[in-house]
Amino acid sequence: MVILLFVAGLATLMIGAELLIRGSTRLATVFGISPLIIGLTVVAFATSSPELAVGIRSALAGQAGITAGNVIGSNIFNILFIIGISALITPLVISKQLLRMDIPLMTALSAVVLILSQDETFSRADAFLMATVLVMYVWFLANRSRRESTGTRQEYAGEPGSGSYPRRTLLNSVLVLGGLLLLVLGSHWLVDSALSIARFLGVSESVVGLTIVAAGTSLPEVVTSISAAFRGERDIAVGNVVGSNIFNLTGVLGISGIIAPLDISPGIIGFDLPVMIAAAAVCLPVCFTGGIISRKEGILLLVYYAVYTLYLILADSHHDSLPVFSSIMLVFVIPLTTVILTKTVLREIQNRKKSS
């Protein structure tokens, strides 16, 4: 029964997120919001709506372990798994114009969350700071979008949802409202069933939030990025992940933390947050070189995620092999990460020499 409730919660979140994405995107085009705002905020933030729904639900229920774990786990999952699987489908060529600011911002915000969490509490003041950053980020994008040409905006005015202005607005508003209601219901089922699974398996709320709930609430990002990769829209595959991660850090943690201060466990501070920062840092060379995330690098990202998940399971169960596994992880992860960063930079330097 618990498994059925968990599956029903995931399915409801997926349907709710899809309705919200469609409705909000079409409303944006109806009101003349630029493609840049739609891509970096409406779509990316809407795909993070399950994380927000679960975060608010968990904060109200006093289950801070799931709230913090869900955000951190989702961000790690988004980079290592979603970008990894997208690169496996097709090498990802990243748009420098789109990601020069957003990837560094994502990395910096990850570091800020680690700093703010050093007292093992994400207070309302911390949450308000992150929410303020979100408002400033959207404001910056809004100002940037005003410089776009009228022709580009008119191109997006032909998006699906044709009909009279009042009819389109009403229909899309209904989609948004219906999506929000399904998200509330799905998050309730998902959190309750996840807690039951945690008790049955004897694992902590944080681990469930970092793994099962994080992967479940990231399904909209999975669908969006993989679909974009198959269609050859490779910048969207990464842009969706970066935008969603920024919203998770500023919007989900911000809103949830304002509702109720979040307790951050020492384990998350000492391990999961640094892993989240390291995962974001892997993307940094992309924004400086405009390079390519190849299939080989995609495989490495997927291996990273598998190793990370296995470590969480061993650590939570206090398995005897944990010390050996931890040593192997340090020897394995740090050199490979250095290789990825160095290889990307060197490849771009060689390309520039050939083109000059």
So if R0 is 30 Å, what FRET efficiency would Leu170 and Arg100 give, r being the distance between their Cβ atoms, rounded to the nearest 0.05? 0.15
Starting from the amide H of Thr121, placed 1.01 Å from N in the peptide plane, find each other amide H under 5 Å away whose residue is 5 or more places distant or on another chain. Ile264
State the extension gain, in nm to one decimal, for the chain segment bounded by His319 and Met1, taking 0.36 nm per residue of separation less the distance between their alpha-carbons. 111.6 nm
Leaving out ligands, DNA and RNA but keeping every protein chain, what accessible area does Asp192 have, in Å² rounded to the nearest 10, with a 1.4 Å probe? 50
Here the residues of segment 259-285 lying in the modelled label zone of Ser326, meaning backbone nitrogen under 18 Å from a point 7 Å along Cα-to-Cβ, are 265-276
Nitroxide proxy distance, nm - points 7 Å out along Cα→Cβ at Val307 and Ile226: 2.4
Enter the accessible area of Thr309 (Å², nearest 10), with the probe set to 1.4 Å and all protein chains included. 30
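In a shell of Cβ-Cβ distance under 15 Å around Asn75, excluding Asn75 itself, what net charge do Lys and Arg (+1) and Asp and Glu (-1) give? Don't skip to the answer; put the middle values down first.
Numbers: positive: none; negative: Glu51, Asp102, Glu221, Asp272.
Charge balance near Asn75 sits at -4.
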Leaving out ligands, DNA and RNA but keeping every protein chain, what accessible area does Lys296 have, in Å² rounded to the nearest 10, with a 1.4 Å probe? 150
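Can you give the extra length, in nm with one decimal, that the chain gains between Val93 and Leu60 once fully stretched, where that is 0.36 nm per residue apart less the Cα-Cα distance?
7.8 nm
The values are calculated or read from the model by the stated rules, or taken from the named source; none is laboratory data. Owing to the predicted nature of the structure, the values given are computational and were not obtained by experimental measurement. A quick note on method: Cβ atoms are made from the backbone with ideal geometry, for glycine too, and the neighbour counts reach across all protein chains shown. These area figures cover heavy atoms from the full protein model, side chains too; ligands, DNA and RNA do not enter into them. Shrake-Rupley method; radii C 1.70, N 1.55, O 1.52, S 1.80 Å.
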